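Data first, discussion second: the structure below is written as structure tokens.
The values are calculated or read from the model by the stated rules, or taken from the named source; none is laboratory data. Remember, it's a predicted structure, so these values are computed and weren't measured experimentally. Cβ coordinates were reconstructed from backbone atoms using ideal geometry, including for glycine residues, and neighbour counts include every protein chain displayed. To get the accessible areas, we keep the full protein, side chains included, count just its heavy atoms, and leave off ligands, DNA and RNA. Shrake-Rupley method; radii C 1.70, N 1.55, O 1.52, S 1.80 Å.
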Amino acid sequence: MPTTTQDIDLGELSAGRGGSQPLRGYLARPSQDAHGPGPWPGVVVVHEAFGLDEQAKGQTERLAAAGFLTLAVDLFSAGGVRRCLVSTIRALNRGEGRAFTDIGTGREWLGRSPDQAGGIGVIGFCLGGGFALLTAAGYGFDAASVNYGFPPKDLDARIAGACPVVASYGGRDRPLRGAAATLETALTGAGIVHDVKEYPGAGHSFLNSAPNGPRVLRPLLRVAGIGPDPAAADEAWRRIETFFHAHLEGGS
């Protein structure tokens, strides 16, 4: 049986937690031929600023193909990108708000699923990378994958007690210049198991398999060095999958 996918209604669970209404998700299950009948470790995916688009769904399916029950949570469920992006960025900057509740709802849904066993991780990209970093402590995750996410100003305080972290950054990502080194230093100082790497030739969103975002903006994004870097992405994905297998299989 190949990897299977389905849209998930998280609304009832979200209502009980004071989260978004509605709240939608996209679930991908591992192939039973490749990974057995389950249950499997879980992963919550947090999308880029462009929302739960085909790129985010592809990343969700990739993790399922690697053996994880994977749920992408649509942080823009309550109004789409135009209505939700600003408030979601504000929540990230404050370190609290509905977006964090929605990510926690995704984790709770996986934890309740009979198809999930072992640990549950969180992975995010760009905007989602920031959320993955800030939910590494205090949200019950067993591992976090931070991909070109901005470290907060109060980084040391926010990572206290964090789960193991694997992080990937691009050396040509100018707004995040020095972020990998900053995160490496903070995680080392906090004694947190981690794997942080910067890819010198890669830019922002280098883990994407294809350009995304509004088509009218794609030429500008390409000029800015934003978009896929297959060689860097292949290695980064291997690191992420290896890290998740190490910290989620048999986890609590």
Report, to two decimal places, the Cα Rg of region 1-93 normalised by 2.2 N^0.38 Å (N = number of residues). 1.15
Which percent of the Cα-Cα distances in the chain go past 33 Å? 11
Run the dipole for the chain about the Cα centre, Lys and Arg Cβ at +1, Asp and Glu Cβ at -1, nothing else charged, and hand back the magnitude in debye, nearest 20. 800
Report the accessible area of Ser209, computed with a 1.4 Å probe over the heavy atoms of all protein chains in place, in Å² rounded to the nearest 10. 100
Among Ala233, Ala56, Ala28, determine the one that fluctuates most according to a GNM of the chain built with springs between C-alpha atoms less than 10 Å apart. Ala233
Assuming R0 = 22 Å, can you tell me the calculated FRET efficiency for the pair Val193 and Asp234, based on Cβ-Cβ distance, to the nearest 0.05? 0.40
I'd like the projected area of region 58-138, averaged over all directions, using the convex hull of its alpha carbons. Report it in nm² with one decimal. 5.7
Under the classification rounded if a/c is under 1.5, otherwise prolate if a/b is larger than b/c and oblate if not, where does region 98-214 fall, given a ≥ b ≥ c as square roots of the Cα gyration tensor eigenvalues? oblate
Tell me, what % of the accessible area of the chain is carbon and sulfur with a 1.4 angstrom probe? 52
How do 6-15, 59-68 rank on mean C-beta neighbours within 10 Å, highest first? 59-68, 6-15
Residues Arg112 and Thr185, FRET efficiency given R0 of 41 Å [Cβ-Cβ distance, rounded to 0.05]: 0.65
Using a Gaussian network model of the chain whose springs link C-alpha atoms within less than 10 Å, name the residue from Asp195, Asp74, Asp33 with the highest mean-square fluctuation. Asp33
Taking region 146-206 on its own, what percent of its Cα-Cα pair distances exceed 15 Å? 43
